[in-house]
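Some notes on the structure that comes next.
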Amino acid sequence: MRSTHDIRPTLTDAQIVEFCKQGYLLLEGVVDPAVNARANAYAEKDPSLFPNAIMQADWFVDGVLLNPAAAGAVRSLLGRDFRLPALMVNHRRTCPFPTNHGWHVDGGSRWGPELNDLQVFYLPQETPRELGPTELIPGSHLAPNTARIMAHYDAIRGSVPTAARAGSIFLTAYRIWHRAGSASGTGVRNLFKYCYSRTTPPTRDWAIDPNFDLSAADFSGPATALGEQFHECFTAARMFTWLCGKAEHHAEVGGQGWPVPGPRAAPPYGFSAALATKGQ
């Protein structure tokens with residue numbers, strides 16, 4: 001199996017901003033039904049936690065790992081020649097089952113504006129809430145915390161279940177808070193999880209919108225409930241400028257300066273001309 005891949009990026013500036021704010025992207029029903037059927041059949045034959053051999057199957061590589069919609073989005077976020085997954089996990093569950101609190105970020109998570117890894121969930125079957133899809137907290141990738149504290153939390157306002165139709169793929173920031181959802185239905189739920197990683201320095205080479213104006217972008221997002229006022233604007237904006245390869249030009253003056261939202265006079269106070277995007 002090849003280790004890296006390149007493809008035309010598909011996400012726009014506005015979509016990259018949205019990912020920085022939310023920490024995840026849903027690509028619903030993008031995998032072909034025939035591939036979904038083969039993935040479910042494979043999981044019946046190999047119900048292990050680590051079905052790594054599936055990554056050697058051309059139909060799975062082309063249909064899932066290099067699915068054009070998913071790979072185009074991954075390319076946009078991780079740059080050219082992104083590294084393909086080296087480990088496959090199937091969180092296969094027999095339903096029903098209760099949730100056990102369990103909020104966590106996966107091992108190896110690092111807090112900061114960098115986006116060097118994407119954690120991905122592939123649903124090969126229709127996965128309603130009754131089958132206990134993964135729950136995640138939008139914007140939580142921007143909020144540092146520790147597992148020993150998070151594990152004690154139960155319901156958190158604003159969390160969302162990753163319920164979706166068969167063939168859906170969720171791309172997430174590796175450090176997003178998540179847990180197994182509670183399942184009230186019956187049957188078996190397959191959930192393939194794997195990661196892509198960056199191999200090249202970040203640069204703004206996704207689907208560029210020449211009319212996108214970073215100085216006027218709204219970085220307000222769901223993480224506003226997880227910390228001090230406007231902290232999510234600063235952290236999401238730092239992630240975006242890092243992805244542009246311009247982290248050294250990002251400076252925050254505080255107060256009412258950029259990227260705090262509001263109809264300020266242009267150019268906004270604190271915005272570096274080196275970060276300008278409109279017309280470029």
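A compact table of results
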quantity: Electrostatic dipole magnitude of the range 4-197 [Cβ: Lys, Arg +1; Asp, Glu -1; Cα centre; debye, to 20]; calculated: 380 debye
quantity: Residue among Ala41, Ala180, Leu191 farthest towards the positive dipole end of the range 4-197, charges placed on Cβ; calculated: Ala180
quantity: Around Ala225: net Lys/Arg minus Asp/Glu count, Cβ-Cβ under 12 Å; calculated: -1
quantity: Ranking of Phe240, Phe82 by count of other Cβ atoms within 10 Å, fewest first; calculated: Phe82, Phe240
quantity: Neighbour net charge for His91 - beta-carbon separation under 9 angstrom, K R +1, D E -1; calculated: +4
quantity: Quotient of C-alpha Rg and 2.2 N^0.38 Å, computed over the chain; calculated: 1.03
quantity: Which of Thr134, Thr186 has the fewest Cβ neighbours within 10 Å, and the rest in rising order; calculated: Thr186, Thr134
quantity: Sum of side-chain charges, Asn40 neighbourhood, beta-carbon under 11 Å (Lys, Arg +1; Asp, Glu -1); calculated: +2
quantity: Amide H contacts under 5 Å for Ala166, placed H, 5+ residues apart; calculated: Glu126, Thr127
quantity: Loop-resident sites, the range 1-108, for trypsin sites (Lys or Arg not before Pro), counting at most 11 other Cβ within 10 Å (DSSP); calculated: Arg2
quantity: Net lengthening on full extension, Asn145/Asp106 (0.36 nm per residue, minus Cα-Cα); calculated: 12.8 nm
quantity: Residue among Val120, Val253, Cys95 farthest towards the positive dipole end of the chain, charges placed on Cβ; calculated: Cys95
quantity: Listed residues Ala71, Ala53, Ala225, most fluctuating in the chain (Gaussian network, C-alpha, under 10 Å); calculated: Ala53
quantity: In the range 236-280, the trypsin sites (Lys or Arg not before Pro) that fall in loop regions by DSSP, at most 13 other Cβ within 10 Å; calculated: Lys278
quantity: Cα long-axis angle, helix 68-78 against the chain (0 to 90 degrees, to the nearest 10); calculated: 40 degrees
quantity: Relative exposure of His250, His104, judged by other C-beta atoms within 10 Å (fewest first); calculated: His104, His250
quantity: Debye intensity ratio I(q)/I(0), log10, the range 1-87, q values 0.22 Å⁻¹ (C-alpha model); calculated: -1.14
quantity: Helix 13-22 vs. the chain, principal-axis angle (Cα, 0 to 90°, nearest 10); calculated: 70 degrees
quantity: Hydrodynamic radius by Kirkwood, which averages 1/r over all alpha carbon pairs of the range 165-280, in angstrom; calculated: 17.2 Å
quantity: Cleavage-rule hits (chymotrypsin sites (Phe, Trp or Tyr not before Pro)) in the range 135-237: DSSP loop, at most 10 neighbouring Cβ within 10 angstrom; calculated: none
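Quick note: the coordinates plus some simple rules give every number you see, no bench work behind them. The structure presented is a predicted model; accordingly, all values stated were derived computationally and were not measured. Every residue, glycine among them, receives a Cβ derived from its backbone with ideal geometry; neighbour counts consider all protein chains shown.
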